[in-house]
Amino acid sequence: MRRPRRDTRYLLARPWEGTLRVPGDVIVERRDDEQQELWVLSSTPAHREERLRLDFPATATGVASLTVRVIESRPVLADGVVRHRLRLAVVG
């Protein structure tokens, strides 16, 4: 038999809109320092203009992070598996 909820539910007056992105590994294919762009292979697609954080393993400092914006996302066949090639602009 179900018991009634003890705590009151919280309802937002104006709902928030957002996207949850689960971390995943990418392969950095190319880097263009002049244009401040990166090309990576990902197992998941991304939306144009979406902002992401790209973490790199650093030497003794731990992890280096870059904020990037998706310029282009298209499916490609890599090693017999469909991946997504993302063209990223470095934002910060």
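Of the trypsin sites (Lys or Arg not before Pro) in segment 1-54, the ones in a loop by DSSP (not H, G, I, E or B) with at most 16 other beta carbons within 10 Å are R2, R5, R6, R9, R21, R48. The simple spin-label model puts a point 7 Å past each Cα toward its Cβ; for L54 and R30 those points are separated by 1.3 nm. Considering only T61, L88, L11, and ranking their Cα positions along the charge dipole of the chain that arises from unit charges at the beta-carbon of Lys, Arg, Asp and Glu, the one farthest toward the positive end is L11. Entry note: segment 9-92 has Rg to Rh equal to 1.07, where both radii use alpha-carbon atoms and Rh is the Kirkwood radius. Comparing A13, A58, A78 in a Gaussian network model of the chain (Cα springs below 10 Å), the most mobile by mean-square fluctuation is A13.
Quick note: the coordinates plus some simple rules give every number you see, no bench work behind them. Source: prediction; values computed, not measured. Backbone-built Cβ (ideal geometry, glycine too); neighbour counts: all protein chains shown.
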